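Q: Mind looking over this structure? Questions follow.
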Amino acid sequence: MSWRFYLSRTFLMNPTLLTLMTIFYVPGTVYGYIWYRGQLIDTWNEHPHWQLPFVPDSPTASLFFALALIWLWAAPKRPASAFVRGVRGIVEALGVVTSIKYGIWAAAIIFAGAAQGDELVWQDWMLVVSHGAMAICALLYARFFSFGPAALAVAAAWTFLNDAVDYGFGVYPYLPFVLKDDLAGVAWFTFLLTAFSVLAALWARFAPEAARGRTSLVPNKKF
């Protein structure tokens, strides 16, 4: 069996695989919010409460992607309602962009800390594997979603806003101690990674269709 089969619609959209992914994504998302419990409490006590939604970056990315995946599974056809299409497109675009971004970000920060002497423990390897899988799944499934350029623009705006709040108000994810003196570099890396993730989402969503001659990179009447 060719490796291409494992990248095909037949394999990736198989109901059994989608069921397994849902089984992993839903508890994983819940666990992610539990992981951020301490920082959420600190933010509640020390920051304006409106900043709380900007704290749990990775689990919120996982939540958006899980919702998009479940929606795709339950209703693969585009909804008739323009409003529902718009909401669905934004959820899908947010799921793809933020999963690519925070999937790469978490692994990069862990390895950057290790390069400066931070000890890697089993939880770090768990995070590298799980977040790497987030980014890979987002790239693989983007072409099955229906979001258009407008929804992608909304996702980009939200993700850049998240970066601005994180590093402008100090609610960024906790970093390895050895990276505390590299905060400016981490912030620049984060903003640049957001730009890269938007471009990667654009490519993953539209390039496969364009290669088959089905659509242009700017499809009509898609949010």
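Q: Does the stretch 54-68 hold any residues that are closer than 17 Å to Gly38 by Cβ and either open to solvent by 30 Å² or more (accessible area, probe 1.4 Å) or among the charged types (D, E, K, R) (or both), and which are they?
A: Passing the criteria: only Asp57.
Q: Moving on to the next point. Within the group Ala157, Ala201, Ala184, which residue is modelled with pLDDT of 95 or more, surrounded by 14 or more Cβ atoms within 10 Å (Cβ to Cβ) and assigned to a helix (DSSP H, G or I)?
A: Ala201
Q: Please work out if Met21 is under 20 Å from the mean Cα position of the chain (by Cα), hydrophobic (A, V, I, L, M, F, W, C) and surrounded by 19 or more Cβ atoms within 10 Å (Cβ to Cβ). First the steps, then the outcome.
A: Values: under 20 Å from the mean Cα position of the chain (by Cα): yes; hydrophobic (A, V, I, L, M, F, W, C): yes; surrounded by 19 or more Cβ atoms within 10 Å (Cβ to Cβ): yes.
Taking the combined requirement at face value, the residue satisfies it.
Q: Considering Gly117, Gly113, which residue is in a helix (DSSP H, G or I) and in contact with a helix residue (DSSP H, G or I) (Cβ under 7 Å, 6 or more places away or on another chain)? Show your work before the answer.
A: Details: Gly117 fails: in a helix (DSSP H, G or I).
Among Gly117, Gly113, only Gly113 is in a helix (DSSP H, G or I) and in contact with a helix residue (DSSP H, G or I) (Cβ under 7 Å, 6 or more places away or on another chain).
Q: Continuing with this model, one more query. Select from the stretch 120-132 the residues that are part of a helix (DSSP H, G or I) and surrounded by fewer than 16 Cβ atoms within 10 Å (Cβ to Cβ) and write down the one among them that is farthest from the chain's Cα centre (by Cα).
A: The selected residue is Trp122.
Q: Could I ask something else about it? Could you check the stretch 34-52 and list, in sequence order, the residues that are closer than 21 Å to Thr159 by Cα and either among the aliphatic types (A, V, I, L, M) or open to solvent by less than 70 Å² (accessible area, probe 1.4 Å) (or both)?
A: Passing the criteria: Tyr36, Gln39, Leu40, Thr43, His47, Pro48, Gln51, Leu52.
Q: So Val165 passes all but one of these: (1) more than 15 Å from Gly103 (Cα to Cα); (2) open to solvent by 10 Å² or more (accessible area, probe 1.4 Å); (3) at pLDDT 95 or above. Which condition number does it fail?
A: (2)
Q: Are there any pairs with C-beta distances below 7 angstrom linking a residue in the stretch 70-98 that is at pLDDT below 95 and open to solvent by 60 Å² or more (accessible area, probe 1.4 Å) to a residue that is hydroxyl-bearing (Ser, Thr, Tyr) and not in a helix (DSSP H, G or I), with the two at least 6 apart or on different chains, and if so which?
A: Here the result reads Arg78/Ser146, each pair linking the stretch 70-98 to a residue that is hydroxyl-bearing (Ser, Thr, Tyr) and not in a helix (DSSP H, G or I).
The values are calculated or read from the model by the stated rules, or taken from the named source; none is laboratory data. Every value quoted in this text rests on a predicted model; they were computed, and no experiment measured them. Virtual Cβ from ideal backbone geometry, glycine too; neighbours counted across all protein chains shown. Keep in mind that these areas ignore ligands, DNA and RNA; they rest on the heavy atoms of the full protein, side chains included. Shrake-Rupley method; radii C 1.70, N 1.55, O 1.52, S 1.80 Å.
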